[in-house]
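Trainee: Please find one structure pasted underneath; my questions will follow.
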Amino acid sequence: MQEYHVLVIGAGLAGMRAALEAHKQGARVALMSKVHPVRSHSNAAQGGINAALTDRGDRWEDHAYDTVKGSDWLGDQDAIEVMCKEAGQELISLEHMGVIFNRDEQGRLGTRAFGGQRRARTFFVADITGQAILHVMYEQILKSGIALFEEWFCTDLVVENGRCVGCVAMEIRTGRVAFIPARTVILATGGLGRVFEPSTNALICTGDGMALAYRAGVPLMDMEMVQYHPTTLKGSGVLITEGARGEGAYLLNKDGERFMARYAPTMMELASRDVVSRAEMTEIAEGRGVDGCVLLDCRHLGEKKIRERLSQIYEIGLDFAGVDITKEPIPIRPGMHYQMGGIKTDIWGRCWDPQGKWQGVEGLFAAGECACVSVHGGNRLGANSLLDTVVFGRRAGATAAQWAQDKPLPTLNDAHWVQKTETRIRTLLARENNGDTVARIRWEMGTTMDQFLGVFREQEGMEQALRTLRQLRQRYNKVSVRDKGRTFNTALIFALELDYMLECAEAIVRSGLERKESRGAHYRRDFPKRDDANWLKHILLYWRGENDPPTITYLPVTITQWPPEKRVY
């Protein structure tokens, strides 16, 4: 297999942005994805991308403050400053690539309001912003001639003497296993949403990159911070964009009351997501819900605006709930949506720290949802995720390309690594049917996580979740794959993914048990207050093997110019 300077694993927005930048720097780049690139989960981002443009009278400092406050002061402010300073240029770059953003009445780029922000700075393409950017980015990938490994599944990162030197992957179409040597590897594998059930995430969001990096020696940071989006559709859990509330939609309880006035009297429905989700769950728990939900009312926006700016959720309402949102409110409730924690990186995407404050693996980078840089801290603001992918994807691509220039690969034993994966797959396929299934274990894991690690948490519930996960791990180690073939064996892929998901789930629980306070999305009924004196710090987990608990360490939160304040909306 050909050697690459930069191998990017994951072809969503972070991965493609990283690949394009590394290619621009002159590196020999390959892009690998377990699905066709435009099926990546970035496709599902609906509402928009944030940027503070100075010609609108906005300031990056205001965007940064809103992000710090949204994070409940757990976000590292040096990283937040980078993201907010570079947002405007990245937005213009996307437009130059060919993204056709919505315009306002004067023909300028249009904006809409989003939660937790004091002014409208979210640029959008109707309610299909992620899809629009993803397709344009893929066109740029094709134009560049970057090598593509489509429908290849990464099974292992190859680490020699503390340096990542490539990966082992399986071509899903044939079942062929190959070692792909690379001077640097960038993980851009997205989130872990399907560790929870239900979730707004695609079925492919299985935490692959986080588990791969964790086992390779990179710490996972702030894994307890799991975002529940306030508006997911009853039953299916399909996302209903925050853009609806940004355009002015109301949240109502069974009495027709805009209940957010009690929880966030200034920002109302546009408070931060963690605040709105807790408010909704409180309404439901206290008997003011409607069949386990509350209602999102768009009727007063008018049919013209809904069809122009919210066309996708109009169709989702009809198709999945039988509700015409121009004529009646739609039932929604909080649902798992985003993972704020992930692979610890610095602002250049490096999974290791040259200053030695935390460990890691040289040559390995990460960007996007799988990474924790950390710009989202305890709670991500809507429309900051797309910005995160393109800003830190670009920075990781540039840094990896530069780092690879004078770092030739050592002599490698390709056959050893391929044989290791082959043995693992053959062992899995050789198991006899014991009546258990991968799907059943995955469902029990997901519903357990939703029950005990959802909007509200407490010690006893998280301990129960940990016991359940340990039992599920034992069952996983015995479960069989009924399709024994190697050609496009999706049952085998699901089994391999479940291994990663169980690893991520346990990391979330252990980190949740460790943080004995409430901050952002991590709300503990047994510790309901934020505790800056003891917990204004990051939690890092280091893998020690399948049967041993991780080593836990801490890092201080980086504060540059916004000391902690009381957080009210």
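The values are calculated or read from the model by the stated rules, or taken from the named source; none is laboratory data. Just so it is clear, the structure is predicted and the values come from calculations on it, not from any experiment. Cβ atoms come from the backbone with ideal geometry, glycine included; neighbour counts cover every protein chain shown. Protein only, heavy atoms only, side chains kept; ligands, DNA and RNA dropped before computing areas. Shrake-Rupley method; radii C 1.70, N 1.55, O 1.52, S 1.80 Å.
Trainee: Please find, among Glu105, Glu90, Glu95, the residue that is acidic (Asp, Glu), at pLDDT below 95 and either more than 24 Å from Lys143 (Cβ to Cβ) or part of a helix (DSSP H, G or I) (or both).
Mentor: Testing whether each residue is acidic (Asp, Glu), at pLDDT below 95 and either more than 24 Å from Lys143 (Cβ to Cβ) or part of a helix (DSSP H, G or I) (or both) leaves just Glu105.
Trainee: Among the residues that make up segment 469-480, is at least one of them surrounded by 22 or more Cβ atoms within 10 Å (Cβ to Cβ) and in contact (Cβ under 8 Å) with a residue 60 or more places away in the chain?
Mentor: no
Trainee: Mind checking whether some residue in segment 509-518 is closer than 27 Å to Met281 by Cα, open to solvent by 10 Å² or more (accessible area, probe 1.4 Å) and touching a helix residue (DSSP H, G or I) at 6+ places or on another chain (Cβ under 6 Å)?
Mentor: There is at least one residue in segment 509-518 that is closer than 27 Å to Met281 by Cα, open to solvent by 10 Å² or more (accessible area, probe 1.4 Å) and touching a helix residue (DSSP H, G or I) at 6+ places or on another chain (Cβ under 6 Å).
Trainee: Let me ask you something else. Trp417 fails exactly one of the following numbered conditions: (1) in a helix (DSSP H, G or I); (2) open to solvent by 10 Å² or more (accessible area, probe 1.4 Å); (3) under 30 Å from Phe123 (Cα atoms); (4) in contact with a strand residue (DSSP E or B) (Cβ under 8 Å, 6 or more places away or on another chain). What is the number of that condition?
Mentor: (3)
Trainee: Could you say which residue among Ile186, Ile180, Ile133, Ile204 is modelled with pLDDT of 95 or more and in a loop (DSSP other than H, G, I, E, B)?
Mentor: Ile204
Trainee: Is it true that Phe488 is over 25 Å from the mean Cα position of the chain (by Cα) and at positive phi?
Mentor: In short, yes.
Trainee: Tell me yes or no: at least one residue of segment 83-94 is in contact (Cβ under 8 Å) with a residue 12 or more places away in the chain, surrounded by 16 or more Cβ atoms within 10 Å (Cβ to Cβ), closer than 13 Å to Gly47 by Cβ and touching a Leu at 6+ places or on another chain (Cβ under 8 Å).
Mentor: No, that holds for no residue.
Trainee: Of all residues in segment 290-310, which are in a helix (DSSP H, G or I) and either under 20 Å from Glu280 (Cα atoms) or basic (Lys, Arg) (or both)?
Mentor: Of everything in segment 290-310, those that are in a helix (DSSP H, G or I) and either under 20 Å from Glu280 (Cα atoms) or basic (Lys, Arg) (or both) turn out to be Arg299, Lys304, Lys305, Arg307, Arg309.
Trainee: A further question on this structure: Kindly establish whether Thr241 is in a loop (DSSP other than H, G, I, E, B), closer than 22 Å to Ala521 by Cβ and of a type in the set (Ser, Thr, Tyr).
Mentor: Criteria met by Thr241.
Trainee: Looking at segment 32-68, which of the residues that are among the hydroxyl-bearing types (Ser, Thr, Tyr), farther than 14 Å from Ala383 by Cβ and in a helix (DSSP H, G or I) is modelled with the highest pLDDT?
Mentor: My answer is Tyr65.
Trainee: Exactly one of these conditions fails for Ala22: (1) at pLDDT 95 or above; (2) within 26 Å of Cys205 (Cα to Cα); (3) part of a loop (DSSP other than H, G, I, E, B); (4) not hydroxyl-bearing (Ser, Thr, Tyr). Give me its number.
Mentor: Of everything listed in (1) at pLDDT 95 or above; (2) within 26 Å of Cys205 (Cα to Cα); (3) part of a loop (DSSP other than H, G, I, E, B); (4) not hydroxyl-bearing (Ser, Thr, Tyr), Ala22 misses just condition (3).
Trainee: More than 28 Å from Ala147 (Cβ to Cβ), polar (S, T, N, Q) and without any contact (Cβ under 8 Å) to a residue 60 or more places away in the chain: which single residue out of Thr67, Thr54 fits that description?
Mentor: Thr54
Trainee: Which members of segment 357-388 meet the condition of being within 23 Å of Gly115 (Cα to Cα) and either of a type in the set (D, E, K, R) or out of contact with any strand residue (DSSP E or B) (no Cβ under 9 Å at 6 or more places or on another chain) (or both)?
Mentor: Matches in segment 357-388: Glu369, Val375, Arg380, Asp388.
Trainee: Also: For residues that are under 25 Å from the mean Cα position of the chain (by Cα) and at pLDDT below 95, scanning just segment 524-560, find the one that is least open to solvent (accessible area, probe 1.4 Å).
Mentor: Out of the qualifying residues, it is Gly545.
Trainee: Follow-up. What's the number of the only condition in (1) over 20 Å from Ala126 (Cα atoms); (2) touching a Pro at 6+ places or on another chain (Cβ under 9 Å); (3) at pLDDT 95 or above; (4) of a type outside the set (Val, Ile, Thr) that Gln339 fails to meet?
Mentor: Failed condition: (2).
Trainee: Against the condition open to solvent by less than 40 Å² (accessible area, probe 1.4 Å) and under 30 Å from Gly48 (Cβ atoms), how does Ala404 come out, does it pass?
Mentor: So Ala404 does not fit the description; no.
Trainee: Among the residues of segment 320-330, is any under 25 Å from the mean Cα position of the chain (by Cα), crowded, with 22+ Cβ neighbours inside 10 Å and not charged (D, E, K, R)?
Mentor: no
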